[in-house]
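The values are calculated or read from the model by the stated rules, or taken from the named source; none is laboratory data. Since the structure is predicted, the reported quantities are computational estimates derived from the model, not experimental observations. For neighbour counting, all protein chains shown are included, and Cβ atoms are generated from backbone atoms with ideal geometry for every residue, glycine included. Only protein heavy atoms, including side chains, enter the accessible area calculation; ligands, DNA and RNA are left aside. Shrake-Rupley method; radii C 1.70, N 1.55, O 1.52, S 1.80 Å.
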Amino acid sequence: MTYQRRSKEQLAARVAQDIFDGAVVNLGIGQPTLVANHLPAGREVILQSENGILGMGPAPAEGQEDYDLINAGKQPVTLLKGGAFFHHADSFAMMRGGHLDICVLGAFQVSATGDLANWSTGEPGAIPAVGGAMDLAIGARQTWVMMDLLTKQGASKLVSQCSYPLTGIGCVKRVYSDLATLECTPHGLKLIDTVEGLSHAELEKLVGLPIAAA
């Protein structure tokens, strides 16, 4: 049986499905920002942005963008009733102080035990600093990663040991990918779900690591 990868929107919806009611959540730059558009109706999720916003809503409709109201990735956002702006330092105190229930980040690599590498590949011209990723990865109560499972060259981004500079050690709890959702544990990877038609054995072959059954 053949399988089909989750689209970016489908992946964002899959992440949103697991965010619990009342959670305070930071959505990292890139793909994770799409999660805001898929939060279930009737579920209160308070979105925080590291540039000093609490209470963001979904992306604005085309033509309704306000570029004085942007997230950390410089994308225009909306503000829900009761939302607030505050100083960058207060935002980082919130991130470092354990006040975020979940952060959702992108990644270049994640180890089976939850080490995260998401800020540099060491390539010339790469981003010169880690930004707020370390604060988020270590400060949030749960760190989730949202990424394609494989690189463009077909190599797994889930690895036994990260070869890129680390953002955090043992911080990733879950990986949401275009092919499967997995849990990172001290004993290695554990399967949560896969796309329809992808067998456990085939997933292990793609990743190149043992994966405990769901």
The residue that is nearest to I19 (Cα to Cα), considering only those in segment 124-153 that are in contact with a helix residue (DSSP H, G or I) (Cβ under 6 Å, 6 or more places away or on another chain) and open to solvent by less than 20 Å² (accessible area, probe 1.4 Å), is T143
Does any residue of segment 34-44 turn out to be farther than 29 Å from G197 by Cβ and charged (D, E, K, R)? yes
message = So, G82, is that one touching a residue at least 40 places away in the same chain (Cβ under 8 Å) and exposed (fewer than 14 other Cβ atoms within 10 Å of the Cβ) or not?
response = no
It is to be established whether one or more residues within segment 57-66 are under 22 Å from G132 (Cα atoms), assigned to a strand (DSSP E or B) and not aromatic (F, W, Y). no
Counted residues in segment 85-117 being under 26 Å from E204 (Cα atoms) and either of a type in the set (D, E, K, R) or open to solvent by 30 Å² or more (accessible area, probe 1.4 Å) (or both) come to 3
